[in-house]
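A short reminder: the numbers here are calculations on the coordinates, not readings from a lab. Note that the coordinates shown come from a computational prediction; the quantities given were computed from them, not determined experimentally. Neighbour counts run over all protein chains shown; Cβ positions are idealised from the backbone, glycine included.
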């Protein structure tokens with residue numbers, strides 16, 4: 001990924017565990033950034049001082065993991081490099097806009113790799129790079145004919161029943177921590193079920 005003076009990160013979909021956030025903080029400190037962080041039940045916030053500007057990176061808590069939320073704009077080259085390393089390390093998704101003199105380069109990143117790069121100069125736009133689709137039409141037809149989704153739904157229903165029983169036990173015991181974890185697992189299972197049933 002190229003370096004640029006001003007970079008904007010949109011539609012970020014990066015998921016972390018606590019260790020990855022600690023490593024990111026360690027990298028920021030090693031690069032000499034002035035920063036502080038705070039945490040509550042819902043989110044973890046890292047505030048980074050770059051010159052006169054204070055950038056707040058927000059990580060929403062999802063069970064035992066975190067997800068970065070918001071769009072960010074950096075005019076700091078080192079911070080951009082660290083952000084892009086984080087996108088790559090977490091195999092995340094993002095739209096990265098690089099602003100240069102009268103020109104914008106937009107990169108679509110999926111699973112930590114650039115899949116499309118477009119250059120915009122005035123009213124002209126040119127595709128600099130486009131990754132060929134990995135899935136062929138034959139593979140898509142096979143996927144539709146496959147019974148794997150139906151098989152997974154059957155197993156997922158059993159897992160849902162078990163998790164509901166676990167939640168019931170946790171509520172009966174008044175175990176708040178188990179209740180929260182169980183609700184998170186049920187939420188993930190519901191999301192998976194909705195995707196499978198589409």
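Full extension of the chain segment joining residue 128 with residue 168 gains 8.9 nm, where the gain is 0.36 nm per residue of separation less the Cα-Cα distance. Cβ crowding within 10 Å ranks 175, 76 as 175, 76, fewest other Cβ atoms first.
Residue separation times 0.36 nm, minus the C-alpha to C-alpha distance between residue 23 and residue 138: what's the value? Numbers along the way, then the final one.
Working: separation 115, 0.36 × 115 = 41.40 nm, distance 4.21 nm.
37.2 nm is the gain from fully extending residue 23 to residue 138.
Relative contact order of the stretch 6-130, taken over Cα pairs closer than 8 Å and 6 or more residues apart, is 26 percent.
Among 113, 77, 177, the residue with the largest mean-square fluctuation in a Gaussian network model of the chain, with springs joining Cα atoms closer than 10 Å, is 177.
With a Förster radius of 45 Å, plug the Cβ-Cβ distance of residue 176 and residue 36 into 1/(1 + (r/R0)^6) and report the FRET value to the nearest 0.05. The value I calculate is 0.95. Taking only Cα atoms, what is the 0 to 90° angle, nearest 10, from helix 176-197's long axis to the longest principal axis of the chain? Once rounded, the angle reads 80 degrees.
For the chain, the spread of Cα coordinates along the three principal axes comes to 60, 49, 26 Å, biggest extent given first.
Quick one: length gained pulling residue 119 to residue 81 fully straight, 0.36 nm per residue minus the C-alpha distance?
On the way: separation 38, 0.36 × 38 = 13.68 nm, distance 2.01 nm.
Full-extension gain reported as 11.7 nm.
Legend: ranking of residues 163, 101 from fewest to most surrounding C-beta atoms inside 10 Å; resulting order 101, 163.
Placing pseudo-labels 7 Å out from each Cα toward the beta carbon at residue 196 and residue 155 gives an inter-label distance of 0.8 nm.
Going from the fewest other Cβ atoms within 10 Å to the most, the residues 189, 83, 117 appear in the order 189, 117, 83.
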